[in-house]
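Worksheet for the structure shown next.
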Amino acid sequence: VGPDKGLLGDVLDQIRVADHPSDQPLDPALVFQHQQLERLLGPRGVALVQTITMNERRFEAYRRRPDFIQKHVFPGGVLASLHHATGAMMEAGTLVVHHLEDIGIHYARTLALWRGAFLSRLDEVRALGFDERFVRTWTYYLAVCEAAFRTGHLHDFQLQLAREGSRSAKLTEQLLER
C-alpha cells in the first residue's frame, strides 16, 4: 500500500452491495458504498462485488407493490435492479463494470440446500423458541427465492469493477495465477 495504490491496494474482494436498499430512484446507500470503493481502491485496482437484483422488466411494478418478502421478511426492503445498482456506481465516480456474471442458478441450488438443512433441524429451531409461523415464513421465503432465481425473476450478479481506462483484465489474470 502506498500513495499511488489507495488504502487497500489493488484488490477489494467480497464487498457486497446492499441487497435491500430503499426505494429511492438512486439509493443513497448504494451511492455511498460505491463512493467508499472509489476511495479505498488503488488507481489500477479491481473490486469484486456480488449483488442480488430484481429482474429489470418487473422492477418498477415490484417497487410500487410490496410482495410477501418485503412485507414479512425484510419489511420495507427493495432490491435494486442491475440498472439501478450500476447507476449508483456511475453516480459515485469512475468505476466501471469490466465483467459481470449472473450466478443466480447456482444460488438457487444454495437456497434449496439451505431449505433442506433448515427443515431437517426443525426440532432445534423450535427449541430455540421459534414458532410455527416463523417456520412457515422461512420455508416459504427460501422456496420462493429458489424459484425466483431458477426462473430469472431474481439475479445474483458478480461484477468486476475497475477505474475507467485501467488494465483490470491483466491484473485479474495475474491474481488468479498466484
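The values are calculated or read from the model by the stated rules, or taken from the named source; none is laboratory data. Model, not experiment: these values are computed from the prediction. Glycine also receives a Cβ, built like all others from the backbone with ideal geometry; neighbour counts cover every protein chain displayed. Calculation scope for accessible area: heavy atoms of the full protein, side chains included, ligands and nucleic acids excluded. Shrake-Rupley method; radii C 1.70, N 1.55, O 1.52, S 1.80 Å.
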Subset of segment 69-81 (residues that are farther than 15 Å from Cys145 by Cα and open to solvent by less than 70 Å² (accessible area, probe 1.4 Å)): Gly76, Ala80, Ser81
Counted residues, segment 39-68 - those being open to solvent by 60 Å² or more (accessible area, probe 1.4 Å) and either in contact (Cβ under 8 Å) with a residue 24 or more places away in the chain or assigned to a helix (DSSP H, G or I) (or both): 10
Segment 27-86: number of residues that are aromatic (Phe, Trp, Tyr) and touching a strand residue (DSSP E or B) at 6+ places or on another chain (Cβ under 9 Å): 2
Phe130 open to solvent by less than 50 Å² (accessible area, probe 1.4 Å), of a type outside the set (Lys, Arg) and closer than 27 Å to Ala148 by Cβ: no
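Just the residues that are hydrophobic (A, V, I, L, M, F, W, C), assigned to a loop (DSSP other than H, G, I, E, B) and out of contact with any strand residue (DSSP E or B) (no Cβ under 6 Å at 6 or more places or on another chain), please, taken from segment 87-132.
Leu128, Phe130
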Filter pass, Thr137 being β-branched (Val, Ile, Thr), under 19 Å from the mean Cα position of the chain (by Cα) and assigned to a helix (DSSP H, G or I): no
Cys145, sole failed condition from (1) loosely packed, with under 13 Cβ neighbours inside 10 Å; (2) at pLDDT 85 or above: (1)
